[in-house]
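Read the figures in this text as sums done on the coordinates, not as results from a lab. Everything quoted here is computed from the prediction, not taken from an experiment. With ideal geometry, Cβ positions are generated from the backbone for all residues, glycine too; neighbour counts draw on all protein chains shown.
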Amino acid sequence: MNKLNKTFLPSKEYEIPVWHSIDCKGQKLGRLATLVAILLRGKRKPHYHPSSQFKDHIILLNADLIRINPATEHHLVNNPGRPGSSLKIQKASDSLPKFTIERSVRGMLSASETRHLMGQLYIYPDKNHPHTAQKVIELNLKDYGFEIEND
């Protein structure tokens with residue numbers, strides 16, 4: 001049988017978890033959420049396969065300094081079907097940046113991916129995080145085509 005006709009499926013030795021940290025200072029929310037969704041899925045790995053689950057973890061630092069469009073609104077629905085106060089409209093700039101970032105990343109993942117991958121995303125408002133023992137790799141966003149702005 002020809003070896004070229006066999007489908008490659010990554011085994012357990014390919015599933016070593018990697019911890020990445022990203023500095024969100026001055027970054028646009030949509031571009032950053034796209035990169036985070038790709039990294040969580042494992043699409044940047046050379047042995048990516050849609051049926052395999054990668055255990056990569058993403059740490060977002062300085063989430064308070066991310067650039068968000070102040071005109072963006074979140075429509076939150078609590079107790080649907082109940083008259084009165086079921087719909088809440090909240091400005092993205094007024095809400096917590098953690099909620100805004102999670103919501104944008106969650107919107108870029110499918111429902112089944114959301115259940116598995118959102119637990120591997122950690123968002124912190126400043127530089128401090130408790131994951132120093134995991135040998136965190138800092139990602140340089142210039143390598144991914146991001147513009148670094150010093151405000």
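Assuming 0.36 nm per residue, please report the length gained on full extension of the stretch residue 11 to residue 115 beyond their Cα-Cα distance.
Details: separation 104, 0.36 × 104 = 37.44 nm, distance 2.23 nm.
That works out to 35.2 nm of additional length.
Can you tell me how much longer the chain between residue 99 and residue 76 gets when fully stretched, taken as 0.36 nm per residue apart minus their C-alpha distance, in nm with one decimal? Let's see the in-between values first.
Values: separation 23, 0.36 × 23 = 8.28 nm, distance 1.16 nm.
Extra length available between residue 99 and residue 76 comes to 7.1 nm.
Taking a threshold of 18 Å on the Cα-Cα distance, which of the pairs 25/142; 25/45; 12/45; 28/55; 25/98 fall above it?
Values: 25/142 13 Å; 25/45 26 Å; 12/45 14 Å; 28/55 25 Å; 25/98 14 Å.
Among 25/142; 25/45; 12/45; 28/55; 25/98, the Cα-Cα distance tops 18 Å for 25/45; 28/55.
Which order results if 28, 43, 6 are arranged by neighbouring Cβ count within 10 Å, fewest first?
Details: 28 16, 43 11, 6 8.
Ascending number of Cβ neighbours within 10 Å: 6, 43, 28.
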